[in-house]
Structure formats: C-alpha cells, structure tokens
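The structure appears right after this line, and notes come after that.
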Amino acid sequence: MTSYLLKGVSVLGGSPTDLLIKDGVIASGAGKADETIDATGLVALPGLVDLHTHLREPGREDAETVETGSRAAALGGYTAVFAMANTSPVADTAGVVEQVWRLGREAGLVDVQPIGAVTVGLAGKQMAELGAMATSAANVRIFSDDGHCVADPRLMRRALEYVKAFDGIIAQHAEEPRLTEGAQMHEGEVSTRLGLTGWPAVAEEAIIARDVLLAEHVGSRLHVCHVSTAGSVEVLRQAKARGVRVTAEVTPHHLLLTDELAASYDPVYKVNPPLRTAKDVEALRQALIEGVIDIVATDHAPHAVEDKECEWAYARPGMVGLETALPVVLSVLGEQWELIAERMSRAPARIAGLTGHGTDLSPGSPANLTLVDPAARRVVDPAELASRSRNTPYAGTTLPGRIVATFLRGEPTVLDGKAVK
Ligand code: DOR
Ligand code: ZN
C-alpha cells in the first residue's frame, strides 16, 4: 500500500504540519513516504459524510449509478454517503439494500450505506421489513420514505417504536401531502406573482411538530430531512430544549438560493422542499451555526435531461449537489473549518453511528480525509461534473474552494482534483 506524506498541510485551519498516511491510517510523526504531496496552503478535513444522497441505482441508471454517484461524492470530498431508498425497485427489502451496499463496495470510491424504506414501495400503507434490512449485510440503521412523507401518524408511531429496539432512526421527509397537492414552488409573494400553486411552509412545520411529539412519546430517534423554513427551526429549537431525540439537516441549496429564482421558470430551480425566502435562508444559516440544525446533507438528486429540461410543471424536483456542497457551504460560512468539519463530517457520522468516519485526524485514526484549497475559485461547468446528470443550479457561478485530494482508508480516490478511478 502506497504511503503519502502531506507536507505543510493545515489540519482544520491550524498551522502547517506534515501528515503521514500509512497502512490505511494516520501515522504518528512525519517520516519517509512513497509519495510526497506539497500541501502548502491546503486544509485537511475529516472525509465528509452525506446522510442524504440519491444514487438512482437500481432503476434509473441513466440518471446516476452507485459508481458515478460515488465518484461525484469523492470529488466533493466525501468518504461516506447514505443512499436514499426511492430507487426502482424501492429499497424496502434486504435484497435491494444488500445490492446497493455491494455495488458501493465494488465501486470502492466512498463507503455507501443504504437507507431502507419505511413503508412497502414508499406507498405509506404498510411497514416494510425494517428488521430484515437491519440484520442484512447492509446493516441498515436509518429508514426513510424520502421523496414521500410518512403521513399516517399511526404508521409513523409504529415505525418509531420498531426501530427503538436497535437504536435506529426514522428520517422524515416532512410534507403534509394534503397541504401540498399540486404544489410547484414555495407559497408566498413570488408564487402569487407567477401564478404557480404554492407549497406552504406550514406543510413542513406541521409534520415536524407532530413527529417530534411522537418521537418524544415513544422515546425514539427522529431525523428531519432537508429543513427549509424559519418556522421549522423554531419547532426544532423547542423540541431540542425539551430533550427530544431529534436531529436535523439542511441542504446547501436551502442555505444559498431563494424562491425568486423560480421567476426564471428554469426547472433547474425546482426542488422539494422548494427554495424559500431570504428570511428562511437567514434562519437556516443561523440554526446551522447554533446547532439547532445538526448537519448539512446534500439531497443530491440527479435527473435525466428529459425529466428536467421540460416545462416547470412537468419537471422532476431535485438538484445534483455532491460536487458543489463544500464550496457552497464555504461561501455561506466562510473558512470556519471546525464548524464545517462538525456539520459535514463528525455530526453526520455520529448520528448514523458510522465508525471510522468523522474522526480526528490524529495518529491511529483511519485515513478518511479530504484536502481542500480554500484559495482556489471555480466556475461551475455542468459538463465537467462526474455525476451522470447535469442538473446543477450553479452553472456559471463562481464558488470558492477546490477539493484537491480525498483519501478512503489511506487510498486516494481523488488526486490533483481528479478521480483516481
Ligand atoms: O427534490 C427532491 N428530489 N426532493 C425529494 O424529496 C426527492 C428528490 C428526488 O428523489 O429526486
Ligand atoms: Zn426529501
């Protein structure tokens, strides 16, 4: 196994030092290595962990595969991603989650951890075989019907009760379906002006309020996907103050973009939950800094051209995000490396119980890390993305930070900004 010496690297913004990667771990002291990387001006972070990625395999390999999504993740600085269950077939059995897990191992670019569906076929009617997925080789601990809300409160309660036995998590896509029928964008001034059916903030807030009460009642763990409104932040703030076992994520796009973009009618800005107002964006940023929102998760949602480059009303919701997440967060938070490491690596690993990721870069730790050049600027070019899909809202935008290298258990997956395989 090739050893690497990262010369003059800044660990989490600290003063320059040498970091030796040997036999899959961070070695103690400097010393000789097979390869030396001049890391002057580069920042080392623990490898990023994404709790919310859509990899589209099985079923929509034209939009993404486990391998292409893994490559996009590595290029974005990730060493582990959690694959959402809304594939075709749905990941609602041990067979499908094991397939995704195995494909991830074969690609070998990031650790791919499947998320299992809560209900059969994401239909919201009957609980899926959560136990069989938990005891499968994929060792599933997080369950989600993401893309759909587990709207039935009785089913939600049962699922929370079921996963409590093995300290599992229900990750909820909070969207009261009756309140969002026909919704095309955030309900507000802009939707009124454009004449598009609105997706009201209360449809998210009402489900989060209900679910934190259910989680509190059952004593189980709830994770809230892609929080998008200021009101949701207040519900979470109160629940956390009461000691409810709830965690929450925000996407990079909800930290940066607003509903004004829908005025272009460019479906690249169509996403679920929708882009909200500047006031919501500000509340989400503040909540992330304070820790009311625990993590950043991408909701990387690749879509084929025919599903995205069409009329707004017919376009699928979602944006690719793995390759731009860190640059977007850098543009929002600035070079707050400790905070970034916490929200994008340590906390997601801790929430998921994922060992070996999100650890300190100290001797003996698995060498899962990424090297960032914070001084670099990049104009996002959709044609250069490793993802099989092109639906980025940042085309032509200049973003700070370039991911120079990523290591998975001491093996480079990215070097010189390029995927190794
Ligand atoms: O925008 C979204 N796209 N939101 C979701 O909840 C699902 C996702 C997808 O699967 O495309
Ligand atoms: Zn979702």
**Q.** Cα pair distances in region 285-349, grouped into 5 Å bins until the bin that holds the longest one, percent each
**A.** 4, 16, 22, 19, 12, 10, 10, 7, 0
Q: Under 1.5 on a/c is rounded, so check that first for region 10-49, then, if it is not, pick prolate when a/b is larger than b/c and oblate when it is not; a ≥ b ≥ c are the square roots of the alpha carbon gyration tensor eigenvalues.
A: oblate
Q | Antiparallel DSSP beta bridges within the chain, as percent of all bridges there, nearest 5 | A | 45 percent
Q: Tell me the Kirkwood hydrodynamic radius of region 336-421 in angstroms, computed as one over the mean inverse distance between distinct C-alpha pairs.
A: 14.6 Å
Q: Could you state the angle between the C-alpha long axis of helix 230-242 and the longest principal axis of the C-alpha atoms of the chain, as a value from 0 to 90 degrees rounded to the nearest 10?
A: 80 degrees
Q. Considering only protein heavy atoms, what per residue accessible area in square angstrom results for region 156-291 with a 1.4 angstrom probe?
A. 39 Å²
Q: Evaluate the distance, in nm, between pseudo-label points positioned 7 Å from the Cα of Asp62 and of Lys164 along their respective Cα→Cβ axes.
A: 4.6 nm
Q) In whole angstrom, and with the biggest value first, how far do the Cα coordinates of region 224-342 range along each principal axis? A) 45, 28, 23
Q: Using per-residue counts of other Cβ atoms within 10 Å, averaged over each peptide, order 404-416, 356-368 from highest down.
A: 404-416, 356-368
Q: Tally up the carbon and sulfur contribution to the accessible surface of the chain as a whole percent, 1.4 Å probe, everything protein left in place.
A: 50 percent
Q.
Using only alpha-carbon positions, what ratio does the radius of gyration of the chain give when scaled by 2.2 N^0.38 Å?
A. 0.93
**Q.** Order by protection proxy (mean Cβ within 10 Å, highest first), peptides 330-339, 42-51
**A.** 42-51, 330-339
Q) With axes computed from alpha carbons, what is the tilt in degrees of helix 201-218 against the longest principal axis of the chain, rounded to the nearest 10 within 0 to 90? A) 80 degrees
**Q.** Between region 210-234 and region 287-335, the Cα center-to-center distance that results, in Å
**A.** 21 Å
(Q) I'd like to check one number: the per residue accessible area of region 20-131, probe 1.4 Å, reported in Å² as a whole number. (A) 34 Å²
Q) How about region 143-223: which GluC sites (Glu not before Pro) there are in a DSSP loop, with at most 11 other Cβ atoms within 10 Å of their Cβ? A) Glu181
**Q.** Choice from Val379, Val11, Val96 showing the highest fluctuation, given a GNM over the chain with Cα pairs closer than 10 Å
**A.** Val379
Q: In debye, nearest 20, what is the charge dipole magnitude of region 226-305 about its Cα centre with +1 on Lys and Arg Cβ and -1 on Asp and Glu Cβ, if you could check?
A: 320 debye
Q: Tell me, rounded to the nearest percent, the portion of alpha carbon pairs in region 117-192 spaced more than 22 Å apart.
A: 31 percent
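The values are calculated or read from the model by the stated rules, or taken from the named source; none is laboratory data. These numbers were taken from a predicted model, which means no experiment stands behind them. All Cβ positions, glycine included, derive from the backbone under ideal geometry; neighbour counts span all protein chains shown. Just the protein is used for accessible areas: all its heavy atoms, side chains included, with ligands, DNA and RNA removed. Shrake-Rupley method; radii C 1.70, N 1.55, O 1.52, S 1.80 Å.
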